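A short write-up of the structure that comes next.
The values are calculated or read from the model by the stated rules, or taken from the named source; none is laboratory data. Because the structure is predicted, anything quoted here is derived from the model rather than measured. All Cβ positions, even for glycine, are placed from backbone atoms using ideal geometry, and neighbour counts span all protein chains on display. Areas reflect the complete protein model, heavy atoms only, side chains present, ligands, DNA and RNA absent. Shrake-Rupley method; radii C 1.70, N 1.55, O 1.52, S 1.80 Å.
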Amino acid sequence: MEPNPEPNPEPIPEPIPEPTSAPTSEPVPEPPALPTHTPRVLRPGNLTPRWTTTFWLGWAGVAGGFISVWYSSRVTGLATWWLGPEAEPRSVLVNLLPFVAPLGLCVLALTHRRWLPFLGIVGGVVTAVVGAADLGRVRGYGVIELILAAAGLALSAAALAGMLRRDPSPAG
């Protein structure tokens, strides 16, 4: 048997040299400033921010009510005038007619248009016409559509309280 040779001693590692930084003659540029948020300027005829939120959420609820009428009408088989019977459905444009006023008012509110309460009152009347046309065909759905129109109309009338007006004091 051969004698075990002595293990080789591990070499001692050399120290790692300190990193040297190359001298720079140009300063590091500052990052560009982030754009700042400029607040929206409110003018007479605009709704206050909270009333704007209330307005568009309310009209979105009216649109949601019409979605419920649409779904319920298809499930029960009772056709509203704007949907038509399932065997002979109306055009898609006619199907979407009840949604024009509510969704249009939502878009106008989200884009911060002026005179929204007055436009909402007109939208409530247009929505009431859609509901009144269903009173002769399917009375229950017509009543629900009229209630939705009354809710939108009441919301728009209440939003008059949140509409900014001109300052009556003389300037100077």
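How would I67, I16, I121, I144 rank on accessible area, largest to smallest, probe 1.4 Å? Numbers along the way, then the final one.
Details: I67 100, I16 150, I121 55, I144 75 Å².
Heavy-atom accessible area, descending, gives I16, I67, I144, I121.
Assuming R0 = 22 Å, can you tell me the calculated FRET efficiency for the pair T36 and L110, based on Cβ-Cβ distance, to the nearest 0.05? Present the calculation step by step, with values, prior to reporting the outcome.
Numbers: r = 22 Å, r/R0 = 1.02.
FRET efficiency, T36 to L110: 0.50.
Multiplying the sequence separation of T76 and E26 by 0.36 nm and subtracting their Cα-Cα distance, what value in nm do you get?
10.3 nm
With Rg/Rh (Cα atoms, Kirkwood Rh) as the read-out, I listed (i) 1.02; (ii) 1.43; (iii) 1.60; which label goes with the value calculated from this structure?
Among (i) 1.02; (ii) 1.43; (iii) 1.60, the one calculated here is (iii).
Which is farthest toward the positive dipole end of the chain among A133, L110, W59, measuring Cα position about the Cα centre, with Cβ charges +1 (Lys, Arg) and -1 (Asp, Glu)?
My answer, from the dipole projection, is A133.
Rounding to the nearest 20 debye, state how big the charge dipole of segment 12-138 is about its Cα centre with +1 on each Lys and Arg Cβ and -1 on each Asp and Glu Cβ. Please list the in-between numbers first.
Numbers: 8 positive and 7 negative charges, 219 e Å.
With only Lys, Arg, Asp and Glu charged at Cβ, the dipole is about 1060 debye.
Using a cut-off of 11 Å between beta-carbons, work out the net charge of the residues near V69 (Lys and Arg +1, Asp and Glu -1, V69 not included). Write out the running numbers ahead of the final one.
Working: positive: R74; negative: D134, E145.
Net charge in that neighbourhood comes out at -1.
Rounded, prolate or oblate: pick one for segment 87-155, where a ≥ b ≥ c are the square roots of the eigenvalues of its C-alpha gyration tensor, a/c under 1.5 means rounded, and failing that, prolate if a/b is larger than b/c, else oblate.
On the way: a/c = 3.27, a/b = 1.57, b/c = 2.09.
Here segment 87-155 falls in the oblate category.
Quick one: pull the percent of accessible area on segment 83-164 belonging to carbon and sulfur, 1.4 Å probe, ligands and nucleic acids left out.
Summing carbon and sulfur atoms, their accessible area is 75 percent of the total for segment 83-164.
For the chain, find the longest principal axis of its Cα atoms and tell me its angle to the long axis of helix 97-110, 0 to 90°, nearest 10.
50
In degrees, nearest 10, range 0 to 90: what is the angle between the Cα axis of helix 116-134 and the longest Cα principal axis of the chain?
In the chain, helix 116-134 runs at an angle near 60 degrees to the longest axis.
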